[in-house]
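Inspection log for the structure reproduced underneath, given as structure tokens.
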Amino acid sequence: EMDLPGSAPLHTGPGSDVSPWAGKVWAALGDSITAGATWQGYVAGALGLLHSNYGSGGTKISGDSSSATAMCQDTRINAIPESADLITLMGGTNDWAQNVPLGDEDSTDPEEFFGALNTFAQKAFTRWPEKRIVIATTPYGEIVDYVSRGWSDPAHNSLGLTTNDYAEAIRIACRRNNIACIDVARDGGWGTVNLEAALGGDEDDHLHPAMGSNAAKGIARAFIAGLKALEPL
């Protein structure tokens, strides 16, 4: 089960106690950054998790109830078994890239970012009332070909928002909904200055961590530290 890309263990500090996550089933819901599977292997290897990838490229957290791709809606959520022990959500990159409005913190409109997060929380707690649910903040990213989108720079979308604004919305939504938050944006180890180097050096792609890159390892370290602090329910 552990032959995932990047499954060599990271050095995660002293101690050799058996992980409380060992043998637990982890369902990772997300977009292409999850679908690419460049970081989950480190997490699974360090904690003994049995990983299932529910990432789908180009998809948003937001979307109305008829959407088969929105992470906050039934098609994506119900694809994950009720028996999963750990359900993680990491997204927001495509919401940012497609100029999804944040809305108000108490929004119930799933086509707004806050509304989508609130919708996900309600649906997730209903499907997994006794399992560990975690939302990760949107990883920092920029669009190299921003001119064709009519953006003013690589970091700000048409609404003037950066991925950090969507990450902050996730922090707020997690607090409001009592969901654990893993702060990839803050703890991943990269920002605008070292973005290209951290992701693996592709001058045309400032969104996706390459296999073995510092960003892939940085996402993993944030997840490992966060999950060590949480433990299963």
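The values are calculated or read from the model by the stated rules, or taken from the named source; none is laboratory data. Quantities reported herein were computed from a predicted structural model and do not represent experimental measurements. As a convention, Cβ positions derive from the backbone with ideal geometry for all residues, glycine included, and neighbour counts pool all protein chains shown. Note: areas computed on protein heavy atoms with side chains; ligands, DNA, RNA excluded. Shrake-Rupley method; radii C 1.70, N 1.55, O 1.52, S 1.80 Å.
Any residue at all in region 84-94 that is of a type in the set (D, E, K, R) and within 19 Å of ILE179 (Cα to Cα)? Scanning region 84-94 turns up at least one residue that is of a type in the set (D, E, K, R) and within 19 Å of ILE179 (Cα to Cα). Quickly run through region 59-79 and pick out the residues that are hydrophobic (A, V, I, L, M, F, W, C) and out of contact with any Phe, Trp or Tyr (no Cβ under 6 Å at 6 or more places or on another chain). ILE61, ALA68, ALA70, MET71, ILE77, ALA79, listed by residue number. Within region 198-230, the set of residues being more than 23 Å from THR59 (Cβ to Cβ) and open to solvent by 80 Å² or more (accessible area, probe 1.4 Å) comprises GLU203, ASN214, ARG221, LYS228, ALA229.
Restricting the search to region 92-119, which residues are touching a Lys or Arg at 6+ places or on another chain (Cβ under 7 Å) and under 17 Å from SER67 (Cβ atoms)? Across region 92-119, the qualifying residues are ASN94, ASP95, GLN98, VAL100. When PRO81, PRO14 are checked against the criterion of being open to solvent by 30 Å² or more (accessible area, probe 1.4 Å) and at pLDDT below 95, a single residue qualifies: PRO14. If only residues of region 110-157 that are open to solvent by 50 Å² or more (accessible area, probe 1.4 Å) and among the polar types (S, T, N, Q) are counted, the one that is farthest from ASN178 (Cα to Cα) is SER148. Of the residues making up region 187-197, those that are surrounded by fewer than 17 Cβ atoms within 10 Å (Cβ to Cβ) and not in a helix (DSSP H, G or I) are GLY189, GLY191, THR192, VAL193, ASN194.
Does region 141-171 hold any residues that are part of a helix (DSSP H, G or I) and closer than 16 Å to VAL100 by Cα, and which are they? Across region 141-171, the qualifying residues are ARG149, THR163, ASN164, ASP165, TYR166, ALA167, GLU168, ALA169, ILE170.
From the set of residues in region 172-186 that are under 21 Å from GLN98 (Cβ atoms) and of a type in the set (Val, Ile, Thr), which is surrounded by the fewest Cβ atoms within 10 Å (Cβ to Cβ)? Reasoning before the result, please.
Step one: of region 172-186, the residues under 21 Å from GLN98 (Cβ atoms) are 172-173, 184-185.
Imposing the further condition that a residue be of a type in the set (Val, Ile, Thr) reduces the set to 172, 184.
Details: ILE172: 14, VAL184: 26.
The qualifying residue surrounded by the fewest Cβ atoms within 10 Å (Cβ to Cβ) is ILE172.
Filter region 199-217 down to residues that are free of Cβ contacts under 8 Å to residues at least 60 places away in the same chain and either under 17 Å from the mean Cα position of the chain (by Cα) or not in a loop (DSSP other than H, G, I, E, B) (or both) and give me whichever is farthest from GLY188 (Cα to Cα). Looking at residues that are free of Cβ contacts under 8 Å to residues at least 60 places away in the same chain and either under 17 Å from the mean Cα position of the chain (by Cα) or not in a loop (DSSP other than H, G, I, E, B) (or both), I get LEU199.
Yes/no per residue for (1) modelled with pLDDT under 95; (2) farther than 26 Å from LEU207 by Cα; (3) surrounded by 17 or more Cβ atoms within 10 Å (Cβ to Cβ):
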{"site": "VAL18", "(1), (2), (3)": "yes, yes, no"}
{"site": "GLY23", "(1), (2), (3)": "no, yes, no"}
{"site": "SER32", "(1), (2), (3)": "no, no, no"}
{"site": "GLY36", "(1), (2), (3)": "no, no, yes"}
{"site": "ILE61", "(1), (2), (3)": "no, no, yes"}
